[in-house]
1. Of these, A:LYS246, A:LYS175, which one is of a type in the set (Lys, Arg), over 25 Å from A:ALA289 (Cα atoms) and part of a helix (DSSP H, G or I)?
2. Name every residue in the range A:280-323 that is touching a strand residue (DSSP E or B) at 6+ places or on another chain (Cβ under 7 Å) and either more than 10 Å from chain B (Cβ to nearest Cβ) or under 18 Å from A:PHE242 (Cβ atoms) (or both), in order of residue number.
3. Go through the range A:21-48 and count every residue that is farther than 15 Å from A:PHE110 by Cα and surrounded by 14 or more Cβ atoms within 10 Å (Cβ to Cβ).
4. Taking the range A:389-428, which residues are of a type outside the set (Gly, Ala, Ser), away from chain B (no Cβ under 14 Å) and touching a residue at least 60 places away in the same chain (Cβ under 8 Å)?
5. Residue check: is B:LEU63 over 16 Å from the mean Cα position of the chain (by Cα) and more than 7 Å from chain A (Cβ to nearest Cβ)?
6. Name the residue, out of A:LEU228, A:LEU239, A:LEU223, that is within 14 Å of another protein chain (Cβ to nearest Cβ), surrounded by 22 or more Cβ atoms within 10 Å (Cβ to Cβ), in a helix (DSSP H, G or I) and touching a residue at least 60 places away in the same chain (Cβ under 8 Å).
7. From A:ILE277, A:ILE207, A:ILE178, which residue is in contact with a helix residue (DSSP H, G or I) (Cβ under 9 Å, 6 or more places away or on another chain) and buried (at least 19 other Cβ atoms within 10 Å of the Cβ)?
8. Name the one entry in A:GLY190, A:GLY238 that is in contact with a Lys or Arg (Cβ under 8 Å, 6 or more places away or on another chain) and within 29 Å of A:ALA91 (Cβ to Cβ).
Amino acid sequence: MNPLIPIMVILPIACALLLNLLHGKDKTIKTLAIMVGVVLPIIPLMTSFGIHYFGGYAPLIDDPTIAQGLPTSITDSALNLFHPAITYAFASAQQLFIFILGIVAFFAIFTSLSETKRVSGVYTFLMFMGTASITAILLSDDIFNLYVFFEIAALAQVGIILCSGIERNYETALKYMILGSIAAPMLLLGIALLLGLTGNVNITDIIYSLKHGLIDPYNPLLLMSCGLILFGWLYGSGLPPFHTIKSAVYSKALPHGAALLQAFSVFTFVALGIIIIRIFSYLPLTQWAIIFFSLLAMVLGITMALMQTDFKRIIGFLAVGELGYIGLGLGMGTAFGITAGLFQAVNEAIITSFLFIGFGTILYKTGISDTNKLGGLLVENPWVAGLVLIAGFAMAGVPPFNAFQSKLQLVQASISAGFPELGILMVLLSIITFMTFVKVFYTIYLRPRPKDLEIINEKIPKATIISMVAFLVICLVLGLFPHLATDNLAQLAQGLV
Amino acid sequence: MNLYDLIIDKIQQIQDKAKEQEPVTNMSASAVLAAEITLISSVLIAAIMLRRISDILMVVVVLALFFIMVTAMPIIPRLKREQNDSLKSMEFYVILTLGVLITLFYWGTTHV
């Protein structure tokens, strides 16, 4: 067992609690938050792959000393293989996801600490708690443990919206909680049905029970459980019918908060999506449902983005639309498609953070997010405008950036999987994404400046510029050397097919 | 009334009362038109995937969808009105999706 595996979850939680205890000591809080933020992406790189059993309870087959003296009715049965402890699994794909989550969390916290006047308070606490929860969701092989962290992440997200101070943020947070109070219990019910049928919450054990005939894979309750877990997945990731509230959530958070929130959504999407494929891939309906909701998210997200005038809402809808690309990759059911989908997830987490923080500079300078009231900002900060333009190009899939590689792979995968229609749709919707971005960029930066537009005479913090440049470098590196990510993801994808 | 006028009229209808007096800009009109074309073409291309079930079904559904969508144009302003931030409409779609999903998974896999 590797002690660094649980540290990836424990460290941000401990830091979050410590930040609360240090309330008022702004300098100490800043130093501690930045130090832990720097460490977050480093830990997964230093951790060796393996499994961690909480309490040290390995399966009996792996620990003969415990198995000694037990009756053969246990040691000769499937119980010998089952996992009695909460199990965290850490492999190459988790390493990449947690590394990227750590990078986004660090830059979101770094930017917030430099842009926010009051460092003390619950905002940084919530950012660390949310990051810890999503890390646990990515690591956990225990579906009930995953649900617990799913709920903590949902509460952290609501808290991040409440801390923003943006007009009507309370209303959006309340709506998100009300909708969550419908969806999250349904996810729990799905897990409870799985537990009732298999007697297990460990995902590997549930799959073993299904594959070895311990339960009927077509038991109606098991099928219902699949539907309920899929519904929870839609809520957690913000796919339709939750796309409207999810985009509202992004628009009511501060730009650095929104950057982190969308990363939470992307990695929740990936973690739950992988679990659904692992357990229920034998049902063709699951594959079709994933494709259907992903397509719906793409079409509704991108067309609704075109219709908005608030740039935060536009990026929110675009972020929802981009989730669809990941889902299409997962839904294709081929190793190539799943690898491309997971690569798209990594890219989306980076690019959308880049865009939120980039457009956040407009909010910082003007306090306005309505594009009808903005214009002529290119002369104010041409370098920042250039970085925002590059972020938009990256999101639309323009070479040589990372999303070009993942979208190209997705199109290739769709053709080789026998779904050329999906490839055509992905190209079409990428063009519309590009068009939406160009429209926003033109209205904010290029058209004549409105006479009544007031610009705050304050420089954009260096931390914001550094974050944007760092995201640009990652976009370029992954665009030029995609195998740095895909090599890590291919192993997981092979195991899912 | 041609299609363009129809779309402009609908955009004015969905704008707030305060904004009703404002003219519709070229940009918002072209955005609605682009969204409309995207929606229709996406739905039709997606419907082609039904060929995996039956070619005849695919042809019938594509033709029916094309006819319905062309006669229902402009769709996007109506869709935008539905995709608002009203809690009631969000709850309606959430519960509708839950019902359809559970029905499909509970009965669809084994009883159809």
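Bear in mind that the values in this text are calculations on the coordinates, not laboratory data. Not measured: the values here are computed from a predicted model. Heads up, the Cβs are rebuilt from the backbone with ideal geometry, glycines too, and the neighbour counts pull from every protein chain shown.
1. Working: A:LYS246 fails: over 25 Å from A:ALA289 (Cα atoms).
A:LYS175 is the lone residue from the list that is of a type in the set (Lys, Arg), over 25 Å from A:ALA289 (Cα atoms) and part of a helix (DSSP H, G or I).
2. Within the range A:280-323, A:ASP310 is the sole residue that qualifies.
3. So the first thing to find is which residues in the range A:21-48 are farther than 15 Å from A:PHE110 by Cα, and the list is A:21-25, A:42-48.
Add one more test, that the residue is surrounded by 14 or more Cβ atoms within 10 Å (Cβ to Cβ), and what stays is A:22, A:25, A:43-44, A:47.
Of the residues in that region, 5 qualify.
4. Once the filter is applied, which keeps residues that are of a type outside the set (Gly, Ala, Ser), away from chain B (no Cβ under 14 Å) and touching a residue at least 60 places away in the same chain (Cβ under 8 Å), the range A:389-428 yields A:ILE390, A:MET395, A:PRO399, A:PRO400, A:PHE401, A:ASN402, A:PHE404, A:GLN405, A:LYS407, A:GLN409, A:LEU410, A:GLN412.
5. yes
6. On the way: A:LEU228 fails: touching a residue at least 60 places away in the same chain (Cβ under 8 Å); A:LEU239 fails: in a helix (DSSP H, G or I).
On inspection, the qualifying residue turns out to be A:LEU223.
7. A:ILE277
8. A:GLY238
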